[in-house]
1. Any idea which of (1) assigned to a helix (DSSP H, G or I); (2) buried (at least 21 other Cβ atoms within 10 Å of the Cβ) is the one residue A:98 doesn't satisfy?
2. Name, by its number, the condition in (1) over 21 Å from residue A:15 (Cα atoms); (2) under 17 Å from the mean Cα position of the chain (by Cα) that does not hold for residue A:55.
3. If a residue counts only when it is surrounded by fewer than 21 Cβ atoms within 10 Å (Cβ to Cβ) and touching a residue at least 12 places away in the same chain (Cβ under 8 Å), which strands (runs of 3 or more DSSP E) contained entirely in the stretch A:20-73 have at least 2 such residues?
4. Return yes when residue A:194 is farther than 22 Å from residue A:65 by Cβ and surrounded by fewer than 16 Cβ atoms within 10 Å (Cβ to Cβ) and no when it is not.
5. Of the residues that sit in the stretch A:30-88 and are basic (Lys, Arg) and near DNA strand C (Cβ under 10 Å from one of its atoms), which one is nearest to residue A:100 (Cα to Cα)?
6. Under 7 Å by Cβ, and 6 or more places apart or on different chains, what pairs join a residue from the stretch A:1-15 that is at pLDDT 95 or above with one that is surrounded by 16 or more Cβ atoms within 10 Å (Cβ to Cβ) and of a type in the set (D, E, K, R)?
7. Look through the stretch A:111-163, keep the residues that are at positive phi and either assigned to a helix (DSSP H, G or I) or touching a residue at least 12 places away in the same chain (Cβ under 8 Å) (or both), and return whichever of them is nearest to the chain's Cα centre (by Cα).
8. Return the residue satisfying two criteria in turn: it lies in the stretch A:168-191 and is small (Gly, Ala, Ser) and over 18 Å from residue A:129 (Cβ atoms), and of such residues it is surrounded by the fewest Cβ atoms within 10 Å (Cβ to Cβ).
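The values are calculated or read from the model by the stated rules, or taken from the named source; none is laboratory data. The structure displayed is predicted, hence computed values, not measured ones. Positions of Cβ are backbone-derived with ideal geometry, glycine not excepted, and every protein chain shown enters the neighbour counts.
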Amino acid sequence: MVTVSADLVARDPRLVGPDLLGLVLRQGTRAGRIIEVEAYCGTEDPAAHTYRGRTVRNSTMYGRAGLLYVYRSYGLHWCANVVCGVEGEGVAVLLRALRPLEGIEEMRVARGLGRRATAPPLTDRDLCRGPGRLTQALGIGGQHDGADLLAADRDVHLLDDGWRPESIEQGTRVGISVATDRPWRWWVAGSPWTSRPG
DNA sequence: GGTAAGATCAGC
DNA sequence: CTGATCTTACCA
């Protein structure tokens, strides 16, 4: 397990996105492998939070590459992004699904909070499949917005254990209503851990 | 000042 | 399909 270099993320998010597949996101004792991502491309991307300029919420997305941009989605869920490009550009890659690797019991507890007693038991596939689910599973929230993912001594960081996908598939992004034609979503081909069937 | 629309998810 | 619930944009 080694940390990820700044060179990997200090590029166009459409290049960084597929290169993040296979890397490990760790938060405390919980970790998962990145299976599915989407690129958000700043002023040229109407679906990006930074398309209309800086706000209180999106300021981290303008920071230097390798920071974690965490925002609240629909007032309820947290979504985690890896800031890319150069400082001030406002581009990032959204993490959409992980394969759980470590701390799976902790993830199960975190994901079970607030569920009805009658709800069916959570399978491993239910833990990190979707951007809101993976942050809940790892315990990532607003307090991690702006964290440095490239420093191994931090609570939350990116690691490379050498694993690489055999092949990668590409398609359009999920859950947006503008710029729906841009093929800026990538996932590990054939993986059962994606947020929706490939 | 009010309102609508989200980079979502769970439950019916 | 709907409701939950926070942030922002846009209009009055």
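1. (1)
2. (2)
3. Hits in the stretch A:20-73: A:68-73.
4. Spelling it out, it is not the case that residue A:194 is farther than 22 Å from residue A:65 by Cβ and surrounded by fewer than 16 Cβ atoms within 10 Å (Cβ to Cβ).
5. This residue is A:72.
6. So the pair list comes out as A:8/A:19.
7. A:130
8. Filtering the stretch A:168-191 for residues that are small (Gly, Ala, Ser) and over 18 Å from residue A:129 (Cβ atoms), the one surrounded by the fewest Cβ atoms within 10 Å (Cβ to Cβ) comes out as A:177.
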